[in-house]
Amino acid sequence: MTDTTQQYQIGLVIYPDMTQLDITGPFQVFSFIPNAQVLILWKNLEPVRSDNGLTISPTLTFEQCPNLDVICIPGGPGQIEMMQDEEVLQFLRDQGKTAKFVTSVCTGSLILAAAGLLQGYRAACHWAFRDQLAMLGIEVGTERVVIDRNRITGGGVTAGIDFGLAVASQLCGEEMAKTIQLLLEYNPAPPFDAGSPEVAGAALVEQVKDLAKPMLEGSLAATRKTALAMGYDV
């Protein structure tokens, strides 16, 4: 039987130009976990603007943050800067020392890797950035959610809901995770069979890569710089 008296501190790190669904998907799931306090974290309490213009307000600063049971960081164009932001990286390292689960969604795994928190683990990432995650010495999984010991990482954007349910299952059991899934009526039936590069076809994959070219190139430069600093031959 699930222990519903257990208290959980779940921290979601936000930052400028993040992809909001990477955070709001898991947040919706986590908000249903019994006795969970879900914290939105940033350097200060000023509202943070996502890549598509949605503004999210932090609830605590890094300095105010307690020791967390779960630390999670999203992806998005701002990931490029976060990979070089020592304040963010050190916060993740500090929380990672004691957190039950160190987690990410989408290209947030590149930030965790830059903090040195994924080396020796399998991890997921958005499909277009898997090669960059591998450059940082990570064994890359292609599943929507990869669980390797206490590292839980989600694939691209919409995988954040799957990820959230996987974390909920780890914290409070499969039955509670199923309950949350039904509460959300999470029963995906996408209108098109184009949600992964394996099924979308080469032409559509290249079209999406062209659309994402500025971010891909910026991220590649940041990843190469980080990889070299870590001693990887790239």
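Computed from phi, the 3J(HN,Hα) profile of the range 148-163 under the Karplus parametrisation 6.51, -1.76, 1.60 (θ = phi - 60°) reads 10, 6, 9, 9, 10, 10, x, x, x, 6, 5, 5, x, 6, 4, 4 Hz, with x in place of Gly and Pro. Sparsely packed loop sites in the range 152-234 (the chymotrypsin sites (Phe, Trp or Tyr not before Pro) outside DSSP H, G, I, E and B with at most 15 other Cβ atoms within 10 Å) comprise Tyr186, Phe192, Tyr232. Beta bridges from DSSP with both residues in the range 8-229: antiparallel share about 20 percent, rounded to the nearest 5. For the range 8-229, lysine pairs with C-alpha atoms less than 27 angstrom apart, excluding pairs fewer than eight positions apart on the same chain, total 7. Placing +1 on the Cβ of every Lys and Arg and -1 on the Cβ of every Asp and Glu, with no other charges, gives the chain a dipole of roughly 280 debye about its Cα centre. Between the residues Gly201, Leu118, Gly11, the greatest Cα displacement towards the positive end of the dipole of the range 8-229, with unit charges on the Cβ of Lys, Arg, Asp and Glu, is found for Leu118. Per-residue packing, averaged as other Cβ atoms within 10 Å, sorts the ranges 215-228, 101-114, 10-23, 140-153 into the order 101-114, 10-23, 140-153, 215-228, beginning with the highest. Taking the chain as a Gaussian network of alpha-carbon nodes connected by springs under 10 Å, the highest mean-square fluctuation of the residues Pro58, Pro34, Pro77 belongs to Pro34. Shown here for the range 1-108: GluC sites (Glu not before Pro) in loop regions (DSSP other than H, G, I, E, B) with at most 11 other Cβ atoms within 10 Å, namely Glu63.
Amide H contacts of Glu139: Gly120, Tyr121, Ala123, each under 5 Å away and 5 or more positions distant or on a separate chain (H built 1.01 Å from N in the peptide plane; Pro and chain starts excluded).
Computed from the coordinates by the stated procedures, all read-outs in this text should not be read as laboratory data. Just so you know, these numbers come straight off a predicted model, no measurement behind them. Glycine also receives a Cβ, built like all others from the backbone with ideal geometry; neighbour counts cover every protein chain displayed.
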